[in-house]
Structure formats: C-alpha cells, structure tokens
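Structure, as structure tokens:
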Amino acid sequence: AVQGSPANAVDSFVSNAIGTGIKPQSLVDDPKFREKVHALWWQWVEEADSNNLTDFYGLQAMATRAMLEGGECLIRLRPRREEDGLALPLQIQLLEPEHLPVAMNTELPSGNVVRAGIEFDRLGRRVAYHLYRSHPNDGLLAPMSSSTGGGMDTVRVDASEVIHLFRPLRPGQIRGEPWLTR
C-alpha cells in the first residue's frame with residue numbers, strides 16, 4: 001500500500017478505535033470465582049467467531065473495518081446448543097451489508113413495514129432483519145431451491161439477535177454509508 005492511501009487510513013483507524021479490544025474485568029470479591037469468570041471469558045474469546053476464522057478481538061477489528069469500508073456491518077448473535085461443546089452457548093457471525101435485500105420494501109399484514117430489508121413496527125422500532133441465507137454474489141454457486149436454503153431466499157431474524165453497526169448521519173437514516181465516500 002502507498003503511504004497515505006485510504007487503506008492505510010482504514011488500518012490506522014481500526015487500530016486506534018479497537019486498540020487491544022474489550023477486556024472486561026470482574027469486580028467480584030471472591031478471587032477464585034473472579035479467576036473462573038476471567039478464564040471463561042478467555043475461553044469464549046477463542047470460540048466467539050462462528051466462522052472459526054479469528055477470535056473476538058479479530059471480530060471487533062473486522063466489524064469496524066466493514067463499517068468504514070462498506071458503511072455498515074451486521075453482527076448476528078448465534079445462540080448455540082449445549083451439545084455444541086462451547087464454553088458459552090453463543091457465537092458471533094459477521095455479515096456484509098449485502099445480506100440485507102435493499103429492494104425488499106413492503107407492508108406486512110401485521111402493520112409492520114420492511115424498508116431495505118429492515119422490518120419496523122408501527123412505532124418505527126426495528127423488530128427484525130430479513131437476511132439472504134447466502135451472500136447474493138454467491139448466488140451462482142448456491143442452489144436456488146427453498147428446501148436447501150440457498151439462492152436468494154431470505155430468513156427473518158429478530159432484531160434482538162442483530163447488531164446493525166453503522167454511523168447515523170441524518171434523521172431517519174436506516175442504512176450506513178461508506179466513510180471514505182464523503
């Protein structure tokens with residue numbers, strides 16, 4: 001990369017914003033219990049990524065980079081079963097914003113409305129995200145059958161399971177903008 005390039009700026013921002021990452025410290029008085037809590041945290045840090053590509057700190061950096069470059073990142077909380085054998089029954093999946101169908105705009109029988117793949121209730125609160133099951137640019141590789149869950153099928157995911165990371169700049173803005181386009 002060339003000195004002073006947008007890529008260098010993104011790298012610098014991610015490094016400065018994330019630093020060494022979130023490192024919680026238990027304030028519990030019992031030192032043995034506190035040690036167990038910290039050990040459990042560090043075990044989960046290693047298992048946090050549902051794609052097994054990085055750890056929790058790598059996920060933070062990736063999500064920040066995606067927000068800078070693409071304007072937003074979808075962070076999906078993936079509850080897991082006890083039999084999955086994880087330290088905690090939760091993993092995190094990062095999704096590119098292309099997983100939201102920008103052309104999905106409709107009114108639902110419930111009175112909710114969907115705008116750019118995001119479902120809002122009558123009070124304007126986000127209640128769900130309608131996500132492509134696979135990345136739309138992978139559509140040629142994914143089967144189009146509903147029974148296989150590939151192609152351009154969408155799934156409704158409750159908003160409590162999605163963190164929509166973006167920087168709102170205007171009133172009513174529901175999607176992010178790449179930071180480097182301004």
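The values are calculated or read from the model by the stated rules, or taken from the named source; none is laboratory data. Remember, it's a predicted structure, so these values are computed and weren't measured experimentally. Cβ: placed from backbone, ideal geometry, glycine included. Neighbour counts: every protein chain shown. The accessibility values were calculated without ligands, DNA or RNA, using every heavy atom of the protein model including side chains. Shrake-Rupley method; radii C 1.70, N 1.55, O 1.52, S 1.80 Å.
Can you tell me the length gained on complete extension of the stretch Trp42 to Val113, counting 0.36 nm per residue apart and subtracting the Cα distance? All intermediate terms of the calculation are to be shown ahead of the outcome.
Working: separation 71, 0.36 × 71 = 25.56 nm, distance 4.07 nm.
Gain on stretching Trp42 to Val113: 21.5 nm.
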So Arg126 and Glu177, fully extended at 0.36 nm per residue minus their Cα-Cα distance, gain in nm 16.5 nm
Expressed as a percent, the accessible surface of the chain that is carbon or sulfur, using a 1.4 Å probe and the full set of protein chains, is 55
Mean separation of Cα contacts under 8 Å (at least 6 apart) over the residue count of the chain, i.e. the relative contact order in percent, is 19
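Can you figure out the FRET efficiency of Asn51 with Asp30, using R₀ = 25 Å and their beta-carbon distance, to the nearest 0.05?
The pair Asn51/Asp30 has a calculated efficiency of 0.10.
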Probe 1.4 Å, heavy atoms of protein chains only: per residue, the accessible area of the chain in Å² is 62
Bounding extents of the chain in its principal axis frame from Cα atoms, largest first in Å, are 54, 49, 39
If the chain between His135 and Glu83 were fully extended at 0.36 nm per residue, the gain over the current Cα-Cα distance would be 15.9 nm
Taking 57-67, 113-123 and ranking on average Cβ neighbours within 10 Å, highest first, one gets 57-67, 113-123
